[in-house]
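Down below is the structure, laid out as structure tokens.
Each value in this text was obtained by applying a stated rule to the coordinates, not by laboratory testing. The shown structure was predicted, so the numbers you read here are calculated from the model rather than taken from an experiment. Please note: Cβ atoms are built from the backbone with ideal geometry, for glycine as well, and neighbour counts cover all protein chains shown.
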Amino acid sequence: MNKSSLTRAFFWICCLMSASLGAKEIPVKSGESIQDAINSASSGDIVRVMPGLYQETVYIDRDGITLQGVVVNGERAILDGEKLGLHDGIIASGHGVIIEGFHVRNYRSNGITTQGANNFRIRNNIVENIHLYGIFPQFGKNGLVAQNIISRTSDAGIYVGMSENVDIIANEVFENALGIEAENSHSILIEANYAHDNAVGIPVVIIPGLQTKSGADVIVRNNIVINNNSRLFKRSMDRSGRGITVTAVDRVTIEGNIVKDHRSCGICVHSMTSMSAAFPVDAAIEPEPDETQIANNIFVNNGYDAIGLGVAGATLEHGADVVSLARGKGHCYQATQGATTLGLSRWAECPSTLNASGVQSFQLTEPVVSKALSPAQKAQLTYHAVCSGCHAYAHTMIGPPMMVVKALYQDNPEGLADWIAAPTKKRPIEDYPAMPPQNYLSKELRLDLARYILNEVGVD
Amino acid sequence: MTSNTAVNKFWLTIVCHAAALILSTALVVRASAAEIQLSPHCPPYFRLQADNSCTLASLYDTYPAAHERWGGYRVALPARRDGFSPQQIDLGRYLFFDPILSADQDLSCAHCHHPNFTLADGLGTSIGRHGAGLGPARQGGSALPRSAPPLWNLAFQQTFFWDSRAATLEDQIETVLITEEEMATTPDEMVNRVKAIPAYRRMFQEAFATEEISYTQVLEALVAFETSLVSLSSRYDLYIHGAQDALNNQELNGLNIFRSFASRCSQCHTPPLFTSGQLATTGVPAPISREFDSGAQTATGEPSLRGAFKVPTLRNITLTAPYMHAGQFSTLEEAITFYNAEPGHAVHAESGLTLHWHMNNPNLRKDELQDLIAFLGTLTDTTALPAVPDALPSGIAVPK
Amino acid sequence: MINFPLRDIKLKSNTLNSSAHWALRSIILLLALATNFALADSRVFACPADTTFDMATAEILLQKPWDTEALACGAQLYIADADKSPDDIAAQLAAVRANERYMYYLDKIVLYELGYLINWYVDDVPEEKKLNAPMHAMILAQQEQLRLVRHMRDENRPSPELDYFEAQTLGVSAQAQPLLLKAVAADPHDLAGAAHAQLSETYYTLPDILGGDLNKAVSMMQAAGKRSPENPRYIRILSGYLSELDRDEQAISKLRSLLELTPTQSELQLYTDQLRSASELAKRMDESQLASQLNGTRQDLLDEHPYLQNRKVVSAMGHFGSNDPRTAQSQPK
């Protein structure tokens, strides 16, 4: 274990320890609602879902929640969207979410998706028959997608979109249009996955016209990529028959994979121009991939046919184990005995140490956090962001003046902190509307807030 | 979930009472023009800094920043315009309500953006110069082609007007000032009218420490006021900040449909502002007896923007019927039903519109439509509605 | 009398002579998109129900690139006329050119239709929805144009110009390469480097193992530039190629030279289009100041000439869509 992984391990241990301090486990049994359990969870809690059929969309909009399907004798908690015609299996916007152990199937949109969530982990799930993406982290930084089994999604099984620092490890993806797709993303590790019987196994791409104009630093390592020739989905018919593809992404390292039985190519390297004519020119994108490194892979029987492998009206008569239709700079290839190549004549021999050699993981050693605020600063911000909507110091707004509140609770910040969590009517409703409970603010924050109100709020 | 309905009723009560109270509570004591004092207090949700400027405070700013303005749920808000003094903001409030700005002294900003109508006018298309009355009862006068958008969260916007043709709030205000069908004046004439009023001279002196009122200061005061109108504390926001009971089950279903990639509502009405601020052609029909409005095409000359309008925020949407740029739909149900159909179904097949690529019939069921509507109701927050002044420096009757 | 560039084509009438000449000039200048805004503004047309050919009508319709219906109508008028007189090469050429013009703008408009790509990716969208009307029209137009050009080639002695026309219709493709090589070898003055430029693009687009060659692409684009030194498209494309060869200094100076051009009215659209791409390219090379200069020049032109089209690249499948660049603001990098 090297130093960085030690630090990481230490970090997660710390996280678990701090979480476990006040953390609770919330069990969900078959017939109960997972969402109800999520709703009663707070940061650090684990929602444990027992085997059974659950027909709901589960959503997690708070930080630090673990959603765990408990596997008993191979039986899982099944999330099924078919009967109710549901859109998504699990949606998470909260940071630090963990989703594991589920069987998610038959949804109209995505299986498991995170939207704008950082520090996520999605592992040990089975996802099948999904209309768009199986597992879809989007706009996230620092995450893990591991040990999931995903099949029959009419787009990508795993789709990492515009994200950074994500590890995709030890998943099985099959009979999808695309197996594992990394799009316009940076620092992505795709390792030890089994991608078979998709139309394309592992595409690493830049798509034009999106907010992010580049993709770089992707490692595709120690995967088993077999027989991705599927024509099940029209969407990917034109590209079917490819194992691993790189399109315009820079610094992609492809190392130690087993790549077997692909009609067009085992590994295909493309530029934007050799990709698809359907996209407009996006001059902000540098069209050629640079520094692709292909080493230590095992190739068997790739490129036995060349259907669909060509550019601008010119087609290759045969494919090969490794085909480059791109230019770009600094590519290298370490020859594998007996492997066939096309378009690699200007590629250099790979150095003994590859770009990615030292990289064990792209996850961050510390999670992405918000701008640090001291408790006092946070209390001050909360006062203005929440209280000042209805209260002024000396005059009446929607609620009574803070002067009055101060007089009532002068030496009792605890009392005030408790009261704002569950306000009871003090005055006739005709004078003031009831105050909404502020129990979503943490106990510590409420106490800091009460102190701020009693000690700091003056003529505002 | 035991008491969802009760909880919901409780929240509804709050909103109703909040609205009622705001409308009946005046920040200033009854005063004649000569006695008007500018408020030394920042508006709700703003913090007074040591340098006498007001900065917006929001719990969203405790979250990590959204990368490259992607939007999201627990993300920080984007850059905003704030930092005006309480006096500038309050001066802006008086100017906002004062018909002295218009050539005929019969039209103020508030005539079309009135607190009684959630900072809009409740009309499908607004009425400008020489109109009489307020809100849906307003009549006569110049018929304007589009509706008055409610003025929430302008501090975050990059472009203004339905067709995004103004790049700053100042440009937007100036356009209304000089447009013949609206205020029909010129900057010089307007400033001269304001200057002639002793109370304004005193107020500008206080707000800007200036001897001579300038056009720029009038605009700045109006901008200061308009950017103070924030709505970021709805039940939805409380939910996102962690108040689980703030939304009931139906509303939460609605949220999940709202953000599903099948319906794609959230792709343009992107949280937390519930607008991407971008132009989009949705292919709404022209209102009855009106010409088709080319929207941003006219402003830009860009054919692919024919019929494109700026994506409006959905905050307070339940309170701001009718909907679309010319009030084509009178209920949310009509508006959502429009999106739940084949793209382009409401316009002539040959109309040459380049419909936005997120237009895509999501085939939502009836119950899902109702859930969506219920969710939109959770975006209501009018705590920052401004008080209507009791009297105006110009002595002209307050529009109310 | 105008100097008609195709040597072996006989003309029937003076009217058609001038229209054929117009056609050739426009095609040869690689769709310089001459647009007479004043003329376009002078009259309002609906596409005439009766398609009696009237060149003035057709021409005015073709001057409205912001109005696809008008463009289609203008092209239809020319094509109908060509269909009536299959022997009249000038009429055929005029139709090619009208068609070309329509396609050029549709092509750009199709860029805004990428939403349909999303549908393309989803299997339960009905077949007819996958091809939207403009895309369909463009495919038809391309087929029609190829038919017209080949017809001309059959009817006339081979000429480098016709080789080029056919190649031009085939687009940047391997099939166009042999035709372009012939046109480049003959190098007729009137092609003004257009064949060189297209050949250069085929060298660039094709992978090396399929006949591509970046160095040849550069020298061929330089040759095109020599023949048409003020063509902003050639300059911008060459700059992109140079940057890929790590010759950034040259690439940047090429981009800078764009600022020195003084386009005529008929070249304005092409120029503004190229300024956008050039600005993005400059940004990519970390030349932010040059990028904003290029963009500023473009903005000034757009402000000054309301009929110029903006033509930004749209976001495709852009989840969240918050930066769908349908405003004048550029997308964040």
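Between the range A:43-68 and the range A:150-214, the C-alpha centres lie 25 angstrom from each other. So if I take the centroid of the Cα atoms in the range B:247-282 and the same for the range C:256-298, what is the distance between those two points in Å? Each part reduced to its Cα centre gives a spacing of 37 Å.
One Cα centroid belongs to the range B:101-123, the other to the range C:182-251; the line between them spans 60 Å.
Here chain A is assigned +1 on the Cβ of each Lys and Arg and -1 on the Cβ of each Asp and Glu. Its dipole about the Cα centre then comes out at about 240 debye. The mean number of Cβ atoms from other chains found within 10 Å of a Cβ in peptide C:276-287 is 2, as a whole number. Apply the a/c threshold of 1.5 to the C-alpha gyration tensor of the range C:144-236 and tell me whether it is rounded, prolate or oblate. Taking the square roots of the gyration eigenvalues as a ≥ b ≥ c, the range C:144-236 is oblate. Put +1 on the Cβ of each Lys and Arg and -1 on the Cβ of each Asp and Glu in the range B:291-349; which of B:F292, B:V347, B:M324 then has its Cα farthest toward the positive end of the dipole? It is B:M324, whose Cα lies furthest towards the positive end.
The H on the amide N of A:H87, modeled in the peptide plane, is under 5 Å from the matching H of A:R108, each at least 5 residues off or on a different chain.
Using a cutoff of 8 angstrom between alpha carbon atoms and counting only pairs six or more residues apart, the relative contact order for chain A works out to 8 percent. When the inverse distances between all different Cα atoms of the range A:218-355 are averaged and flipped, the Kirkwood radius reads 15.0 angstrom.
Placing one equal scatterer on every Cα of the range C:205-313 and applying the Debye formula, the log10 ratio I(q)/I(0) at q = 0.14, 0.16, 0.20, 0.24 Å⁻¹ is -0.56, -0.71, -1.04, -1.32. Sequence-ordered 3J(HN,Hα) estimates for the range C:194-209 from the Karplus curve with 6.51, -1.76 and 1.60 and θ = phi - 60° stand at 4, 5, 4, 5, 5, 4, 4, 5, 5, 4, 6, 6, 6, x, 4, 6 Hz, glycine and proline given as x. Place a label point 7 angstrom from the Cα of C:T264 along the Cα-to-Cβ direction, then list the residues of the range C:228-251 whose backbone nitrogen is under 16 Å away. C:228-232, by backbone N distance to the label point.
Expressed as a whole percent, the proportion of Cα-Cα pairs in chain A lying more than 36 Å apart is 40%. Can you tally the net charge around B:A326? Count Lys and Arg as +1, Asp and Glu as -1, for every other residue whose Cβ sits under 14 Å from the Cβ of B:A326. Net local charge, B:A326 excluded: -2. About its Cα centre, the dipole of the range A:103-231 is roughly 220 debye, where the only charges are +1 on Lys and Arg Cβ and -1 on Asp and Glu Cβ.
Relative contact order of chain B, taken over Cα pairs closer than 8 Å and 6 or more residues apart, is 22 percent.
Amide H to amide H distances under 5 Å link A:I150 with A:V127, A:E172, A:V173, A:F174, where only residues 5 or more positions off or on other chains count and H is placed in the peptide plane.
In sequence order, the range B:96-107 has phi-based couplings of 4, 8, 9, x, 4, 5, 8, 4, 8, 6, 10, 9 Hz under the Karplus curve 6.51 cos²θ - 1.76 cosθ + 1.60, θ = phi - 60°, and Gly or Pro positions carry x. Based on alpha-carbon atoms, the Kirkwood radius and the radius of gyration of the range A:59-157 give Rg/Rh equal to 0.94. Each peptide among C:79-87, A:116-124 gets the average number of other Cβ atoms lying within 10 Å of its residues, and from highest to lowest they stand as A:116-124, C:79-87. Here's how it looks for A:I190: its modeled amide H is under 5 Å from those of A:I168, A:I219, A:V220, A:R221, which are all 5 or more places away or on a different chain.
Tell me the mean residue ellipticity at 222 nm calculated for chain A from its helices only (DSSP H runs of n ≥ 4, each -39500 (n - 2.57), averaged over every residue, nearest 500).
-4500 deg cm²/dmol
Taking only alpha carbon atoms, the range A:361-440 gives an Rg to Rh ratio of 1.14, where Rh is the Kirkwood radius. A dipole drawn for chain A from +1 and -1 charges on Cβ atoms has a positive end, and of A:N119, A:P437, A:G313 the residue lying farthest that way is A:P437. Rounded, prolate or oblate, given the Cα gyration tensor of the range B:115-238, with a/c below 1.5 counting as rounded? It is oblate, given that a/c is not under 1.5 and a/b is not larger than b/c. Distance between the pseudo-spin-label points of A:V70 and B:E180 (7 Å out from Cα toward the beta carbon): 7.7 nm.
Using the alpha-carbon positions of the range A:116-257, Rg (one decimal) and Dmax (whole number) come out as 13.2, 36 Å. Counted over all Cα-Cα pairs of chain B, pairs farther apart than 27 Å make up 51 percent. Taking all Cα pairs closer than 8 Å and separated by 6 or more residues, the relative contact order of the range B:35-159 comes to 17 percent. Computed from phi, the 3J(HN,Hα) profile of the range B:190-206 under the Karplus parametrisation 6.51, -1.76, 1.60 (θ = phi - 60°) reads 5, 5, 4, 5, 5, 4, 6, 9, x, 4, 5, 4, 5, 5, 5, 4, 6 Hz, with x in place of Gly and Pro.
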